[in-house]
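The values are calculated or read from the model by the stated rules, or taken from the named source; none is laboratory data. Please read these numbers as outputs of a predicted model, since none were measured by experiment. Using ideal geometry, Cβ is built from the backbone for each residue, glycine included, and neighbour counts are taken over all protein chains shown. Surface accessibility is based on the protein's heavy atoms, side chains included, excluding ligands, DNA and RNA. Shrake-Rupley method; radii C 1.70, N 1.55, O 1.52, S 1.80 Å.
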Amino acid sequence: MAQSLWLFGTRLNIIADHTTTGGQYDLIEGYFPPGTQTPPHRHTRYSEQLYVLSGEFTVWAGENKAVLNAGESFLIPAGTPHVVAALSDQPARGLVVAAPSSFARLIAAVGTLDEKEAPDMALFERISTEIGDEILGAPGDIPRT
């Protein structure tokens with residue numbers, strides 16, 4: 001079932017989704033090139049657990065900031081504003097468990113096969129609303145902690 005797509009500069013591999021987990025969770029492998037980060041956002045209906053496979057991720061979640069290295073993990077509870085970034089000069093790779101399943105639906109609908117192709121933003125906004133995701137700022141914005 002693995003599906004590899006690009007979304008906003010990151011390569012996301014859907015390893016498991018609602019079709020294989022009964023809707024309980026999504027398992028996604030993410031590859032962030034150096035300097036890549038998500039816009040500030042929140043998932044209102046599912047939690048996100050990040051486990052670092054290689055490199056270094058910086059996570060801002062609510063009032064917390066964590067710098068994570070290989071073998072470390074961080075839970076972002078549902079409803080928590082957050083940003084995930086690879087700020088070092090090396091890429092970062094990690095696993096995300098989103099529970100219950102929703103995030104993989106967004107990636108599958110909006111992700112592209114070509115890393116330089118822009119996603120369909122109208123579709124992105126529609127699916128984000130349907131799964132309860134909210135964008136809280138522009139890419140590059142860092143939450144104040």
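Figure legend. Inter-residue proximity from segment 6-19: first residues over 10 Å from GLU115 (Cβ atoms), second residues acidic (Asp, Glu) and surrounded by fewer than 18 Cβ atoms within 10 Å (Cβ to Cβ), beta-carbon distance below 9 Å, spacing 6+ or different chains. Indicated pairs: LEU12/GLU29; ASN13/GLU29; ILE14/GLU29; ILE15/GLU29. Of VAL110, VAL97, VAL83, all but one fail to be closer than 28 Å to SER73 by Cβ, in contact (Cβ under 8 Å) with a residue 60 or more places away in the chain, touching a Ser or Thr at 6+ places or on another chain (Cβ under 6 Å) and of a type in the set (A, V, I, L, M, F, W, C); the exception is VAL83. Would you check if VAL52 is over 20 Å from PHE124 (Cα atoms), open to solvent by 20 Å² or more (accessible area, probe 1.4 Å), in contact (Cβ under 8 Å) with a residue 40 or more places away in the chain and among the β-branched types (Val, Ile, Thr)? Here the answer is no, as VAL52 does not meet what is asked.
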